[in-house]
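For reference, the structure is listed below as structure tokens.
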Amino acid sequence: MKPSAGGSQITSAKDARITRLGGFLRNTKLDELPTLWNVLRGDMSLVGPRPEVPRFVNLDQPIWQTVLSTRPGLTDPVTLQLRNEADLLAQIEGDTEQFYVSELQMWKLKGYVDYLEQRDWRSDVRVLVQTMAALVGAPKATRISVQPFAVTPRQPREE
């Protein structure tokens, strides 16, 4: 991103702060390579909820307590579903941060919790394989609908 550009901490595909090189790194996911160092140090895992900008974390919400109780990861099922999140955010008319915090972030949090509730080593391996497939060329969706991101009340799990 352009230095000293300021602006939102949420970036979309049409964000003017993204340089040509930055766009290439983001599109190829090469911008994630330094994060592997965090995995090697033990600060992150390969699979787990993605870290969030601290400013957008609301510790008063119990769902955050659940998500933050596990080590963050490089990839997860939500990340795979939203691998074109910047394109989705580019479609938003109006306040992108407001949409992110009120709609998309809550959708992501629910997805993280759903995954954590059924997670095991097999599901983590499955996510890693799906991530590798996505990196080597599985096509991105060319059109995104904002509609699926409406937050719905969480239903209790049947035991």
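The values are calculated or read from the model by the stated rules, or taken from the named source; none is laboratory data. All values reported here derive from a predicted model rather than from experimental measurement. No Cβ is skipped: glycine too gets one built from the backbone with ideal geometry, and neighbour counts run over all protein chains shown.
Key figures for this structure:
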| read-out | value |
| --- | --- |
| In segment 45-56, the residues that are surrounded by 15 or more Cβ atoms within 10 Å (Cβ to Cβ) and not small (Gly, Ala, Ser) | 46, 47, 49, 50, 51, 52 |
| Close pairs (9 angstrom Cβ cut-off, 6 or more residues apart or separate chains): on the phi < 0 side of the Ramachandran plot and touching a residue at least 40 places away in the same chain (Cβ under 8 Å) in segment 58-78, of a type in the set (Asp, Glu) and in a loop (DSSP other than H, G, I, E, B) anywhere | 64/52; 67/52 |
| Unique match (being surrounded by 15 or more Cβ atoms within 10 Å (Cβ to Cβ), over 18 Å from residue 74 (Cα atoms) and either within 16 Å of the chain's Cα centre (by Cα) or modelled with pLDDT of 95 or more (or both)) among 127, 101, 146 | 101 |
| Count - residues of segment 31-44 that are surrounded by 12 or more Cβ atoms within 10 Å (Cβ to Cβ) and either of a type outside the set (A, V, I, L, M, F, W, C) or at pLDDT below 80 (or both) | 5 |
| Test: residue in segment 9-20 that is in a helix (DSSP H, G or I), more than 17 Å from residue 128 (Cα to Cα) and either modelled with pLDDT of 90 or more or of a type in the set (Asp, Glu) (or both) | no |
| Single residue of segment 130-143 satisfying the filter (modelled with pLDDT under 75 and surrounded by 10 or more Cβ atoms within 10 Å (Cβ to Cβ)) that is farthest from residue 74 (Cα to Cα) | 141 |
| Of residues in segment 80-98 being of a type in the set (S, T, N, Q) and in contact with a helix residue (DSSP H, G or I) (Cβ under 8 Å, 6 or more places away or on another chain), the one nearest to residue 134 (Cα to Cα) | 81 |
| Options 87, 60: the member that is at pLDDT 90 or above and either surrounded by fewer than 17 Cβ atoms within 10 Å (Cβ to Cβ) or not in a loop (DSSP other than H, G, I, E, B) (or both) | 60 |
